[in-house]
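The values are calculated or read from the model by the stated rules, or taken from the named source; none is laboratory data. In this text the structure is predicted, and so the values were computed from the model without any measurement. Note: ideal-geometry Cβ built from the backbone for every residue, glycine included; neighbour counts use all protein chains shown. SASA here: full protein model, heavy atoms, side chains in, ligands and nucleic acids out. Shrake-Rupley method; radii C 1.70, N 1.55, O 1.52, S 1.80 Å.
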Amino acid sequence: MRLFPILRNVDKFRTVFDFGGRDVAHWFPGHMAKGLKQMKASLKSVDCVVEIHDARIPFSGRNPLFQNSLDVRPHILVLNKMDLADLSNKQKILKKLARDGVKNVLFTDCLKQIDSSIKKLVPMVLEILENKPRYNRDENIDYCMMVIGVPNVGKSSLINALRRTNMKKGRASRVGGEPGITKAVLTKIQVNERPKMFLLDTPGVLPPKIESVETGMKLALCGTILDHLVGEDIIADYLLYSLNRLRKFSYVEKYELLEPSDDIQHVLKRIAVKLGKTQRVTALTGVGNVTVTVPNYTAAAYDFIRVFRKGELGQVILD
């Protein structure tokens with residue numbers, strides 16, 4: 001019975017997000033030149049560059065320095081975390097990437113124990129290299145790929161998935177749920193037996209300048225940088241705005257709200273109460289100090305962001 005009022009209210013929600021004059025430069029302190037320099041130095045031993053990016057933002061946030069500096073080798077774009085992305089418009093995504101010159105695209109879920117997409121990577125690399133010069137590597141019988149990408153998009157997970165799928169081996173590269181796990185270019189890691197193929201893991205490298213604050217916010221929402229650099233409160237508000245814009249209202253049921261809301265304070269208060277995330281503070285009054293219990297908005301914002309990143313609020317494409 002509440003369906004019509006809910007839809008009517010949704011039509012009044014924000015259509016533009018107010019970033020409040022925020023400066024994206026403060027979120028991305030440096031372009032990690034050392035990592036890029038190491039990658040360039042390793043190119044002489046690389047046949048193919050595999051760029052991995054978050055499938056929820058297939059266009060936003062890819063580092064242009066990769067194309068400018070590393071595009072001397074054949075290139076594959078792996079859009080990882082496909083289980084979290086709404087791929088109903090997959091063909092539109094592929095067509096737009098093709099217009100941008102990206103033709104070799106693979107969607108993966110590298111944390112999945114058995115991912116049929118992972119099996120396609122080695123044959124794709126071999127097919128691309130079949131008609132490409134191998135420069136000073138013609139005499140080598142083994143192949144070497146370099147995996148690149150911005151932080152926390154699943155580079156190490158890709159390596160481990162390839163070893164698990166192709167070699168039935170355990171993980172060789174450390175993974176984690178926050179950016180910055182891989183600190184330096186590593187030694188070769190074997191990811192296939194026949195033909196023998198190796199892969200170089202690399203640190204996540206952010207561009208020296210993000211094209212817009214909104215692009216930076218999409219990267220932050222997908223966890224490519226530490227939350228506190230942007231602020232959990234602003235990330236949570238942008239998440240609410242994005243879910244409403246995409247008509248993804250699963251957060252209403254998840255947190256037992258009465259209806260969709262465009263007010264982040266109202267949503268976070270409800271989350272805090274539902275999860276018991278409250279804190280006691282002292283209020284100064286004219287008749288003395290009073291201890292009151294208030295919602296812990298930061299803890300609620302963290303939970304809201306966390307469940308989104310786990311896919312519990314539905315599959316989305318933020319671009």
At R0 = 45 Å, how high is the FRET efficiency between ASN89 and LYS188 if r is their beta carbon distance? Nearest 0.05 is fine.
0.75
Determine which residues of region 295-316 fall in the zone a paramagnetic label at LEU111 would reach in this model, i.e. backbone nitrogen under 11 Å from the point 7 Å along Cα→Cβ.
307-312
Please give the solvent-accessible surface of ASP86 in Å², to the nearest 10, using a probe radius of 1.4 Å with every protein chain present.
50
Charged-residue dipole, Cβ positions (Lys, Arg, Asp, Glu), region 67-126 about Cα centre, Debye nearest 20:
220
Here are some pairs, LYS155/LYS196; LYS81/LYS120; LYS132/LYS169; LYS81/LYS274; LYS12/LYS254; LYS12/LYS248; which of them have Cα atoms lying more than 25 Å apart in this structure?
LYS132/LYS169; LYS81/LYS274
Full extension between PHE17 and ASN289 adds, at 0.36 nm per residue less the Cα distance, a length in nm of 94.1 nm
Residues whose modelled amide H sits under 5 Å from the amide H of PHE107, counting only those 5 or more places away in sequence or on another chain, are LEU79
